[in-house]
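Quick notes on the structure that follows.
Each value in this text was obtained by applying a stated rule to the coordinates, not by laboratory testing. Everything numeric here is computed off the predicted structure, so don't read it as measured data. Positions of Cβ are backbone-derived with ideal geometry, glycine not excepted, and every protein chain shown enters the neighbour counts.
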Amino acid sequence: MRPFIRMLTPVLLLLMAVTLSGCGEQFIVLDPKGPIGESQKDLIYLSTILCAVIIVPVLILTAIIVWRYRDKKGSTAKYRPNWEHSTKLEIIWWGIPIVIIIALATVTVKYTHALEPSKPIASEKEAITIQVTSLDWKWLFKYPDENIATVNYVKIPEDVPVRFQLTSDTAMNSFWIPQLGGQLYSMSGMAMTLFLQADEQGSYFGSGANFNGKDFAQMTFTVDATTEQDYNAWVQEVKNSAPALTMEGFEKLTEPGTSDKQLFSSFPEGLFDKIVTQYVEEGSSGGHHHGAAESESDTGSATDAKNEAESDNADANQEHMNHEGH
Amino acid sequence: MLDKIKEFASEFFVTGDPLILGAQVSIALSVVAIVFVLTFFKKWRWLWTEWLTSVDHKKIGIMYIIASILMLFRGGVDALLMRLQLAAPQLEFLEAEHYNQIFTTHGVIMILFMAMPLMFGLFNIVVPLMIGARDVAFPFLNSLSFWMFFFGAMLFNVSFIIGGSPDAGWLAYPPLSELSGSPGLGQDFYIWGIQISGIGSLATGINFIVTILKMRAPGMTLMKMPMFVWSVLSSCITIIFAFPILTVTLFLLFIDRYLGAHFFTLDGGGNPMMYINLIWMWGHPEVYIVILPAFGIFSEIVSAFSKKKLFGYKSMVFALMSISFFSFFTWAHHFFTMGSGANVNAFFALTTMLIAIPTGVKVFNWLFTMYRGRLSFPTPMMWTVAFIPCFVIGGMTGVLLSVAPADFQFHNSYFLIAHFHQVLIGGVVFGYFAGLYYWWPKMFGFKLHEGLGKWAFWFWNIGFYVCFMPQYALGLMGMTRRVNTYDFDMGWQPLNVVSTVGGFLMGIAFLFQIWQIAHSIKFFKKVDNGDNWDGRTLEWSIPSPAPLYNFARIPQVQSQDDWWETKQRRAAGEPEPAPAPLEPIHMPKNSGIPFIMSVCWFVLGFGLVWDWLWMAIPGFLGVVACLLARSFTYDTDYYIPVDEVERTEAALRGSK
Amino acid sequence: MAHAISKTAGAHGGGDQGGHHDEHHGHHDHHDQESMKMFGFWLFLITDVILFGTLFATFVVLRFNTAAGPTPGELIELNGIIISTFILLTSSFTSGIAVLEMNRGNKRGLILWLAITALLGASFIGLEVTEFIHLVHEGANIGTSAYWSAFFTLVGTHGLHVSVGLVWMVALMLQLSRRGITPVTKRKVSIISLYWHFLDVVWIFVFTIVYLMGVM
């Protein structure tokens, strides 16, 4: 009896987990508001169903076998201790998974090409570009066409494809807006393209999904999708009212720490390219950046002091080596 | 002077957190207590001659298991601390830095210092007994492997109180793990702790391949080997191809940090993505390394407690080997979102799905082993039966994750966390527990209390589902892994509370297991004979615990499940050939070198972590000296005379 | 697996009783033990192949990443490398002769040829160290750029392997002079000669991939 109950536990709990939370809007991955997220949701459902075709019978079969062949007095079940091989049966259960996997593989290959993140979304409207930089520990967004910038906040017009260009200032992160579509890594030294689009107005949760150090958990941001008019009005408002992002301001942003939402009416020209190429040919551009990346937190505990000493040392070493190199 | 000492101490020891202070005090107290007990009962010599220098595979196995249970405790405490921190939004129970350290050490400890040694422990205890051998192929190397693991693990763990824990995640992606991202010492402890124990694992892999291929009892052809032995073989083959990659990867990271090289740095032309590729080229096979032996254990147990031959033996062997092979071609599915392009992603998605096929076949074979069997459900079998649905569901979510475009939504979320915990706990941990309960009488000569074992079982199982099912849901709610806190408006709290409760249920389950062991020792009841489960394979043909030399006479194997067949023939009254006369038994001598050499490795590692050459150089010289000392030792073995074997056998088997 | 026999292989053989019982055992066991060790060493070589394979892979990935620093074409002088390649190849040959001498039972010849091999190996290391010093003087050290990190690590790891072989070889010569040619020392010589040939093969790859393809 007991094994049978346990057999059911996972299923029940899964059901419980789903019903408990009301299956509602909180499941943002399953409640997409854009074409990419929509396709991904379809794919999730489709693959789940394909897998369930095999899994559910197996679970039932397990329960039946465990129940039927348990050792009890007067059991009428067959007992064949030396029955160990059946070509027919084995062909069946090599065959079934193979068929399912072929089906799933076909779907996967098709979708992998269709949903390649750098593939533009078909639309009559021209895509807007947003340059995204993950900093320690905040997101910087630049709108090169509008020449405005934001921190931890994105506004986009609905029904317009958005070309996100992703990079990182230091450690790798991952740019994820679940309701618009899947994530993509932001990595320093390169710019990767991710196309997303919001089909509906709304406010969407975005986060950095890949751990990148101390205050990684604070790297959340909001994406507001509005009508095009509202979007344009907002751009104008930012241009008129917000301060400009200067190079010094940017340097300050790169210092480790968290940030609230910020808006900037302009940003230094070519800043994104500078961030992407900052590590290229380090010898000629000088290691000015190290200090910013390595200066340490404010807790002031003994270990930190030690760490700082260490990193200073390392810097000195590195410079020493560079020096030798010249 | 005093100031200098103070300054040094505050650098040397981790300070500032009451939690850590408490741990430091309790560690210091337990060390004092252990030293006191050993001195008071004059047990130092006993410890040295019977355990620290032992090359007996059974004792080494037991030491592995003890170490892994300790590590399970530490990794488990880490897990519970994390669950507490996540139980409510904006909780300030653990600071971000502390939380980051804890999830890092939790991952490293559970995989490398809990699962691996538990696995090696079972290898050691079971494999020689199953194949009718008297030890492993290289007993000295085996002891060295253990002590390398042990001191590597200690080096890693010592970072908790000295110098600071690593906090860049269990796989330490650069550039975060480089000097620029992690200037502290924790990352160096990480590198050297894993490096030293990793070399030990590599040696174990070689050792067991040779043992299995060269030391089987006469008559045991490859296709008559018990399935567990096959699984060990496939796991060890995977080890020798995967672990060198880990060694190199960590070594390169070390050179980056220590000598200022530019393998994975941002500047100087380094390539962090290369690290991510390399570490997963080891990391993915690694999870198969730990799961394959669990498959073997289930195969043994399911057959023993169904009183039936294992169904589809050849299929099983083929499945094991193909899993081990394909495990090397799936690594990139850990970073579909790195922008490698559609073709690369599609390729790795397909190879990953491919692995599901042999894995699925194994499940069917276990089910049909039970089909038309006579199932009984002592604790080992309960774990086995619990494993099947758990692993099937975990496997299914794994296939979902392998669908590359969908993975863009699952990646780095709690969905992923739930998946790998389900296959690692439901597969690996359940498997090793099943193995531990199954072979415990063989190790120690007494059974574990069944009643308490059932309590532990139910707490583990219910706790598991309560803990991890909500995490699938949390992943779909957008909760990402490694966040130490979240906002009120995300709606993540209810499920997180449920999950935390589940975590603590598993904690209680662990306590039940400790109680179970303590209780069973206190009310020690020796098993009547060596075959308490009515087993099928050779290890059950000898007394429990096995004598030093395992088999007084090397068995002559005729069939698969040889011991079962022998018992059948005996029951049928068939005449048995007269036993061959006893002969002197050739055994390896104990040696202190493995222990001393591993201490030297520890000293070397510790010196390099702190950049103290005055410490690292003697450590290095010590390692070299130990190697040379061993090379010049020719007196490495001895014979147990016949009369001693006779006496031992008579004592163990009674009149027989 | 006809020889799938455990350490006490004699145990199932039965039959042989009497005075030289133990000796017989000893020989049989040793033979078995030694062949297992040989097999184990082959497995170790597989792991070493993977180790070098990984290092070669990183080298190939990073081969153009000189980051505004010196390039290999500017600094590496092939002449010296060709000489050291020649020396190492010769040492492989001499270690082969050593094994031949061993099989002939000539202990002095064996030690002599091992010594020659070790001397050649030592001069190879000497040349490598000289080359490294030269490179560092010219401005290329392990921290100069990713290319040089990979270069020094790959070439240096090979050099480290050769150095380990040297220490091992000296230890082995001492053991040989003390104990002569026994099954155990025989196995040890076979293993080190295998190791030495292996390093030679690795060097051919280093020479081709790092030096020839890197410089030309």
* Which is farthest toward the positive dipole end of the range B:367-490 among B:Gly445, B:Val428, B:Gly395, measuring Cα position about the Cα centre, with Cβ charges +1 (Lys, Arg) and -1 (Asp, Glu)? -> B:Gly445
* Structure fact -> The simple spin-label model distance between B:Val35 and B:Leu613, using points 7 Å out along Cα→Cβ, in nm, is 3.2
* Listing B:Trp601, A:Trp234 from the residue with the fewest other Cβ atoms within 10 Å to the one with the most, what is the order? -> A:Trp234, B:Trp601
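Quick check on the range C:38-215: what does the Kirkwood estimate of hydrodynamic radius come out to from the alpha carbon pairs, in Å?
Values: mean 1/r = 0.0582 Å⁻¹.
The answer is 17.2 Å.
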* Which entries of B:Lys362/B:Lys454; A:Lys119/A:Lys142; B:Lys442/B:Lys526; B:Lys224/B:Lys309; B:Lys43/B:Lys526; B:Lys59/B:Lys567 show an alpha-carbon separation above 18 angstrom in the structure shown? -> B:Lys362/B:Lys454; A:Lys119/A:Lys142; B:Lys43/B:Lys526; B:Lys59/B:Lys567
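In debye to the nearest 20, how big a dipole does chain B give about its Cα centre with +1 on each Lys and Arg Cβ and -1 on each Asp and Glu Cβ?
Numbers: 39 positive and 39 negative charges, 445 e Å.
Roughly 2140 debye for chain B.
Quick check on the exposure proxy: order B:Ile357, B:Ile20 from fewest to most C-beta atoms within 10 angstrom.
On the way: B:Ile357 21, B:Ile20 18.
By the 10 Å Cβ count, ascending, the order reads B:Ile20, B:Ile357.
Under a point-charge model restricted to the Cβ atoms of Lys and Arg (+1) and Asp and Glu (-1), what is the dipole moment magnitude of the range B:513-557 relative to its Cα centre, in debye to the nearest 20?
Around 140 debye, computed over the range B:513-557.
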* Structure fact -> When the charge dipole of the range A:46-127 is computed with +1 on Lys and Arg Cβ and -1 on Asp and Glu Cβ about the Cα centre, the Cα farthest towards its positive end, among A:Pro117, A:Trp67, A:Val56, belongs to A:Trp67
* To do: Would you mind calculating the relative contact order of chain B from Cα pairs under 8 angstrom and at least 6 residues apart, reporting the percent as a whole number?
  => 17
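Name the shape class, rounded, prolate or oblate, that the alpha-carbon gyration tensor gives for the range B:1-42, where a ≥ b ≥ c are the square roots of its eigenvalues, rounded holds for a/c under 1.5, and otherwise prolate holds if a/b is larger than b/c and oblate otherwise.
Numbers: a/c = 5.07, a/b = 1.79, b/c = 2.84.
Cα axes put the range B:1-42 in the oblate bin.
Going by the alpha-carbon gyration tensor, a ≥ b ≥ c the square roots of its eigenvalues, is the protein assembly as shown rounded (a/c under 1.5) or, if a/c is not under 1.5, prolate (a/b greater than b/c) versus oblate?
Taking the square roots of the gyration eigenvalues as a ≥ b ≥ c, the protein assembly as shown is oblate.
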* Under 27 Å Cα-Cα from B:Lys4, which lysines qualify once same-chain neighbours fewer than 8 residues away are excluded? -> A:Lys306
* Structure fact -> One point scatterer per Cα, no solvent, Debye formula: log10 I(q)/I(0) for the range B:254-313 at q = 0.25 Å⁻¹ comes out as -0.95
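Mind sorting B:His57, B:His106, C:His197 by how few other Cβ atoms lie within 10 Å of their own Cβ, fewest first? Each step should come with its number before you reach the end.
Working: B:His57 28, B:His106 21, C:His197 17.
Going from sparsest to densest Cβ surroundings: C:His197, B:His106, B:His57.
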* GluC sites (Glu not before Pro) within the range B:28-132: which are DSSP loop residues with at most 13 other Cβ atoms inside 10 Å? -> B:Glu92
* Asked: Among the lysines, which have Cα under 19 Å from the Cα of A:Lys138 when same-chain residues fewer than 8 positions away are ignored?
  -> A:Lys155, A:Lys214, A:Lys252, A:Lys261, A:Lys274
* Debye sum, Cα scatterers, the range A:54-173, no solvent: what log₁₀ I/I(0) at q = 0.09, 0.11, 0.20 1/Å? -> -0.60, -0.68, -1.18
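Could the peptides A:68-77, B:287-296 be put in order, highest first, of the mean number of other beta-carbon atoms found within 10 Å of their residues? Spell out each step's value before the answer.
On the way: A:68-77: 12.1, B:287-296: 25.9.
With the highest mean Cβ count within 10 Å placed first, the list reads B:287-296, A:68-77.
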* To do: Go ahead and collect, in residue order, the members of the range B:615-645 whose backbone nitrogen is under 14 Å from a label point 7 Å along the Cα-Cβ direction of C:Arg179.
  => B:628-638
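Could you tell me what % of all Cα pairs in chain B have separations over 37 Å?
37
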* Structure fact -> Across B:200-212, the residue-averaged tally of Cβ atoms belonging to other chains within 10 Å stands at 3
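For chain C, with only Lys/Arg (+1) and Asp/Glu (-1) charged at the beta-carbon, what is the dipole magnitude about the Cα centre, in debye rounded to 20? Before the final figure, lay out each step's value.
Numbers: 11 positive and 14 negative charges, 84 e Å.
Rounded to the nearest 20 debye, it is 400 debye.
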* To do: Rounded to the nearest 10 degrees, what's the angle between the helix C:21-61 long axis and the longest principal axis of chain C, both from Cα atoms, 0 to 90?
  => 10
* Asked: Out of B:Ser180, B:Ile69, B:Leu86, whose Cα points farthest toward the positive end of the dipole of chain B (charges: +1 Lys, Arg; -1 Asp, Glu; placed on Cβ)?
  -> B:Ile69
* **Using alpha-carbon coordinates, inclination of helix B:57-86 to the longest axis of chain B, degrees** => 30
